[in-house]
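Structure, as structure tokens:
The values are calculated or read from the model by the stated rules, or taken from the named source; none is laboratory data. Small disclaimer: the values here were computed from a predicted structure and weren't measured. Cβ coordinates were reconstructed from backbone atoms using ideal geometry, including for glycine residues, and neighbour counts include every protein chain displayed. Calculation scope for accessible area: heavy atoms of the full protein, side chains included, ligands and nucleic acids excluded. Shrake-Rupley method; radii C 1.70, N 1.55, O 1.52, S 1.80 Å.
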Amino acid sequence: EAIVRQNHSILEREEQNRQKTATTVDDAKKGALVARLEKLMQEEHLYRENLLTRDRVAEILETNRTYLGQIMSEVYQKSFTQYINDLRIDEAIRILDNPKSVRPIRLIGVDLGFNSVTTFNTQFQNRTGMTPAQYRKKVIDISNENAESNSEE
């Protein structure tokens, strides 16, 4: 339960940090690039694209891959790949947080742009400490416990 609650807090903090980041970058050029990157990811969900590369994102942003990598490192303290995987895992957590969701886990990973179930499971477990299946089960268990305690009142 603590891990599930902790992930909710992490998602909220990361969303707040992303919003702050887009508005607090010093250099105007960097700030504009970060804002466009955030829009691409948050509104257009580009991170869901299978085989997304730094070159492709740089091309869309009309910059070069080296500068984009520098921005990732300076602004997010992450590699491009980690940034994209974090966005994908954030969405996976939101999907799996719905105890009524019956969408197969492998499809969730594919829909979010992961090339394999193994990669999805590994990234998810690295982030949350459990596999997507374990996470889903824990969310359902918590939901059932809450429903039982509410019906007893």
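Got at least one residue in the stretch 46-63 being under 30 Å from residue 5 (Cβ atoms), of a type in the set (S, T, N, Q) and in a loop (DSSP other than H, G, I, E, B)? Explain how you work it out, then say what you get.
Residues of the stretch 46-63 under 30 Å from residue 5 (Cβ atoms): 46-48.
So of that shortlist, the ones also of a type in the set (S, T, N, Q) come out as none.
Within the stretch 46-63, not a single residue is under 30 Å from residue 5 (Cβ atoms), of a type in the set (S, T, N, Q) and in a loop (DSSP other than H, G, I, E, B).
Taking the stretch 121-135 as the search range and keeping residues that are under 18 Å from residue 2 (Cβ atoms) and open to solvent by 40 Å² or more (accessible area, probe 1.4 Å), which one is nearest to the chain's Cα centre (by Cα)?
Ranking the candidates gives 127 first.
Applying the selection to the stretch 1-27, what residues are within 15 Å of residue 74 (Cβ to Cβ), open to solvent by 60 Å² or more (accessible area, probe 1.4 Å) and either at pLDDT 75 or above or among the β-branched types (Val, Ile, Thr) (or both)?
24, the sole residue that qualifies.
Which residue pairs have Cβ atoms under 8 Å apart, sit 6 or more places apart or on different chains, and have a first residue in the stretch 49-61 that is more than 14 Å from residue 79 (Cβ to Cβ) and touching a residue at least 40 places away in the same chain (Cβ under 8 Å) and a second that is open to solvent by 80 Å² or more (accessible area, probe 1.4 Å) and assigned to a loop (DSSP other than H, G, I, E, B)?
Pairs that qualify, where the first residue is more than 14 Å from residue 79 (Cβ to Cβ) and touching a residue at least 40 places away in the same chain (Cβ under 8 Å) and the partner is open to solvent by 80 Å² or more (accessible area, probe 1.4 Å) and assigned to a loop (DSSP other than H, G, I, E, B), are 50/115; 51/115.
Filter the stretch 80-120 for residues that are over 12 Å from the mean Cα position of the chain (by Cα) and part of a helix (DSSP H, G or I) and give the result.
Of everything in the stretch 80-120, those that are over 12 Å from the mean Cα position of the chain (by Cα) and part of a helix (DSSP H, G or I) turn out to be 80, 96, 105, 106, 107, 108, 110, 111, 117, 118, 119.
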